[in-house]
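The values are calculated or read from the model by the stated rules, or taken from the named source; none is laboratory data. Bear in mind that the values here come from a model prediction, so they are computed numbers and not experimental data. Neighbour counts run over all protein chains shown; Cβ positions are idealised from the backbone, glycine included. Just so you know, the surface numbers come from the protein's heavy atoms only, side chains and all, with ligands and any DNA or RNA stripped out. Shrake-Rupley method; radii C 1.70, N 1.55, O 1.52, S 1.80 Å.
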Amino acid sequence: MPSIRYAGVFEIDYTVLSADKLRVTAYFVVPKPLPKAGRERIGSGTLSPRSLSRTFKVDAMVGPGRLRTGFAVSLTLTLELAATAVRVRANGTAKVAGKHFPGSPWRVDQCWPFDWPRAPARPLGKAQIAHVVVVMMENRSFDNLLGWLYAEQGNHPSHNIPAQTPPVFDGLEPARYWNPINAADVGKSGDEVPEERRAYVSAQARSPIVPDPDPHEQFRYMSYQLFGTQKPAAGEPASMQGFVVDFADAIRSSKQTDADRRLIMDCFSPAQVPVLSALARNYAVCDRWFASLPCQTWPNRAFVHAGTSCGRVNNLDKDLDDWTPPNPLYYNTPTIFNVLQDLGITWKVYADSIATPTLTRAQFVTQLGSPSLQGHFRGLTDFCNDAALGTLPSYSFVEPSFLEKNNDQHPPHDVTAGDRFLQEVWAAVSSGPGWRNTLLVITYDEHGGCYDHVPTPWGAIRPDGSKPQKPFGFDRYGVRVPAVLVSPWIEPGTVFRAPAVATEFDHTSILATLRDWQDLAVRAGGRWLKSRRVAAAPTLAPVLARSSPRTDLPDIPRPRAVLKAAPTLPDAPLNAIQSALLAAQLMGDDVTQEKYDKAVRQIARIRKQDAALARLERLGKGGARRGGKKSRVSE
């Protein structure tokens, strides 16, 4: 039933339609003996992020000049999202034969609060979970950020899931892991490569922006990083010996000839990424979570949203990235968000961005570009507000800033900025009233060319019958990436991996977890995602192993800049993600091949990050002059 809020002669009925939409009906209580005495409806409408304000006016005065009788009302209702309230600004006048009725005129300026629907808790493992929050960062391998996590404990955490005695963590060890620095030595056994031709993993990184320049990420280069050849034989074990040589080629391509090829072996100490490390130690980390594909951002992010990359293995049609934006028309397939929307399960995508749209919507604009879904794409401030109010949706997907703040940790972006972003997300969820029923997942889309010592496994399941972009059976995973689970239902010091008889953890494990948690395969029926990879993926349920939630809350302070900051290059080139966001803003939601081709031509004249930001600012100002919003991401 709708609730009623009133102030004297003004009343509102409201009905909460969804997590971001409210239907309101406004009334004026006409006093006797005026005509139409009683509760007079003066207007109704819907308030949402796309329509924050409604104004209703009624003039029911009758009669000549100074002898007018009746009432006149002007009422404006504004949705105050952060306060979960409707602000009512109203003026009303009632006259009899030209004289004001007692109490007239009436003026109201008040906020009337209401309750958004709360996401219901459902069983997941031993936990009761109402909110699953997934944060996906950019282009870092497991060893690059977390390889030294338990080094001081001899790589022995508190316990493993599945249980193992003694508990182990597959991390780095001093003076053990290396790569040859010359192509002629790739593939040779250790005793054939002298020490002076080896590059060892470092105990800490030399700079917060290593590796710099950006390593190769395309399919063929990743194959070389893992196998020492761009065309490995089926089932060939990955030697993980081609990282340094491939990075040397990336240095030559970038023309930063003074860069050290050994930088690709720099790995961050726990003190250099304190937030991610503290969350991993205080909750759970997976030491065998692999990117879904041995390739780039867009195909891997497609797996976390749709369980397939639609056959794509590179961002672009060509093998080397430049300023060209990826084409979203390749990704015309249903996503997890479409399934949730059909079932009325609440969801939002939040982005730490003001000028650019969310990457998720840019990539899947064919599925998520409808104006009716506009309110599901919000800013980081909205995320923090929703967490503080306990009104996070059932499923939240959170993106860092890929361009304006560069806190996505994509090389060569500063990892400290990304760690601070993760602390902000952690602080928001852990301090809100919904914390005891929350699961936070932090992971990375792909390794981005950064070194990892664990051989990439074969045995991945081909998701569907999509025609591969390149000859590839979709039968091997990408490199290990960090995956940290945070919830009061998790024991501290947990290190988990898939059971020996199961397939490996990859990004589709998130979709499999959502499926089981919300019973999506049954509830959605034929609308559930068809991916065979999702069907076989292990879920996160075993990690939520406590019979009751923890009451302690670790102190995860905002990190200080512990590394020497590197200067920002004013002429830094656009990477593929950044150009994709600019293209999305240029194309709008109704994307066609013609619009994409035009955006490519426009971006060809920009190419640099500072020029792209200036163009986005102009686009935002133009939208404001036309009465539109500055961007699709609201702050």
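Calculated mean residue ellipticity at 222 nm for the chain: -7000 deg cm²/dmol, from DSSP H runs with n ≥ 4 weighted as -39500 (n - 2.57), summed, divided by the residue count and rounded to 500.
Below 8 Å between Cα atoms, with a sequence gap of 6+, how large is the relative contact order for the chain in percent? Contact order relative to length: 19 percent.
Each of G125, Y330, V522 was placed along the dipole of the chain (beta-carbon charges, centred on the mean Cα), and the one lying farthest toward the positive end is V522. For the pair E491 and E152, label points projected 7 Å from Cα toward Cβ lie 2.3 nm apart.
For the range 198-205, 3J(HN,Hα) computed residue by residue from phi via the Karplus equation (6.51, -1.76, 1.60; θ = phi - 60°) reads 10, 10, 8, 4, 8, 6, 7, 7 Hz, glycine and proline entered as x. Full extension of the chain between K188 and A85 gives 30.3 nm of extra length, using 0.36 nm per residue less the Cα-Cα distance. The C-alpha atoms of the chain define a longest principal axis, and helix 593-604 lies at about 70 degrees to it. If you sort the three axes of the alpha carbon gyration tensor as a ≥ b ≥ c, you get a/c of 1.5 or more for the range 61-107 and a/b above b/c, which makes it prolate. Our analysis of the range 18-121 gives Rg over Rh at 1.09, with the two radii drawn from alpha carbon positions and Rh computed by the Kirkwood formula. The convex hull defined by the C-alpha atoms of the range 267-315 has an orientation-averaged projected area of 4.7 nm². Magnitude of the charge dipole for the chain, about its Cα centre and with charges confined to Cβ atoms of Lys, Arg (+1) and Asp, Glu (-1), is about 3460 debye. Rounded to the nearest 10 degrees, the angle from helix 609-625 to the longest Cα principal axis of the chain is 10 degrees. For the chain, the longest principal axis of the alpha carbon atoms and the long axis of helix 380-389 meet at an angle near 70°. Geometric descriptor of the range 352-394, per residue, is 80 Å³ (volume of the convex hull of the Cα atoms). At each listed q (0.14, 0.16, 0.17, 0.19 Å⁻¹), what is the log10 of I(q)/I(0) that the Debye formula gives for the range 364-489 modelled as equal alpha-carbon point scatterers? Those come out to -0.88, -1.07, -1.14, -1.22, one per q. Taking the DSSP bridge list for the chain and keeping only pairs wholly inside it, about 70 percent are antiparallel.
Restricting the range 169-278 to trypsin sites (Lys or Arg not before Pro) that sit in a DSSP loop and have at most 13 other Cβ atoms within 10 Å of their own Cβ leaves R176, K255. Here the dipole of the range 386-451 is about 300 debye; that uses its Cα centre as origin and unit charges on the Cβ of Lys and Arg (positive) and Asp and Glu (negative). For the range 227-238, the Karplus equation 6.51 cos²θ - 1.76 cosθ + 1.60, evaluated at θ = phi - 60°, returns couplings of 10, x, 8, 7, 9, x, 6, 4, x, 5, x, 7 Hz by residue, with Gly and Pro reported as x. Does a label point 7 Å from the Cα of E236, set along Cα-to-beta-carbon, have any residues of the range 480-506 with amide nitrogen under 20 Å, and which are they? Only 480 fall inside the zone, counting backbone N under 20 Å. With respect to the cross-link table entries K318/K467; K467/K595; K32/K95; K231/K318; K348/K530; K188/K231, which display a Cα-Cα separation exceeding 20 Å? As for pairs spanning more than 20 Å Cα to Cα, those are K467/K595; K348/K530. Dipole magnitude for the range 288-328: about 260 debye, using +1 per Lys or Arg Cβ and -1 per Asp or Glu Cβ, origin at the Cα centre. A dipole drawn for the range 49-137 from +1 and -1 charges on Cβ atoms has a positive end, and of T55, A94, M136 the residue lying farthest that way is A94.
Using the 1.4 Å probe convention, the accessible area of the chain works out to 39 Å² per residue with neighbouring protein chains retained. Near T456, the amide H atoms lying under 5 Å from its own belong to A238; only residues 5 or more places off or on other chains count, and H is placed 1.01 Å from N.
In this structure the amide hydrogen of C111, modeled in the peptide plane, comes within under 5 Å of the amide hydrogens of V88, none closer than 5 places in sequence on its chain. Using alpha carbons only, how many angstrom separate the centre of the range 251-306 from the centre of the range 376-417? What the calculation gives is 18 Å, centre to centre.
Extension gain for R197 to R39 (0.36 nm times residue separation, less C-alpha to C-alpha distance): 48.2 nm. Would you mind getting me the FRET efficiency between K99 and L320? Use the beta-carbon distance for r and R0 = 56 Å, nearest 0.05. The value I calculate is 0.10.
3J(HN,Hα) along the range 267-278: 10, 7, 7, x, 5, 8, 10, x, 5, 4, 5, 5 Hz, from the Karplus curve 6.51 cos²θ - 1.76 cosθ + 1.60 with θ = phi - 60°, whole Hz, x for Gly and Pro. Label 7 Å along Cα→Cβ of R523; the range 473-490 residues with amide nitrogen under 18 Å? Within reach of a label on R523: no residues. Computed over the alpha carbons of the range 206-249, Rg followed by Dmax gives 11.7, 38 Å. The protection proxy used here, the mean number of other Cβ atoms lying within 10 Å of each residue, ranks peptides 491-500, 348-357 as follows, highest first: 348-357, 491-500. Round to a whole number: what % of the accessible area of the chain belongs to carbon and sulfur, probe 1.4 Å? The C+S portion of the solvent-accessible surface of the chain is 52 percent. When both the range 175-246 and the range 490-564 are represented by their alpha-carbon centers, they are found 30 Å apart. When the Cα positions of G307, S223, Q593 are compared along the charge dipole of the chain, Q593 comes out farthest toward the positive end, with charges on each C-beta of Lys, Arg, Asp and Glu. Just to verify a number: FRET efficiency for R605 and R122, C-beta to C-beta distance, R0 = 51 Å, to 0.05? So the FRET efficiency works out to roughly 0.50.
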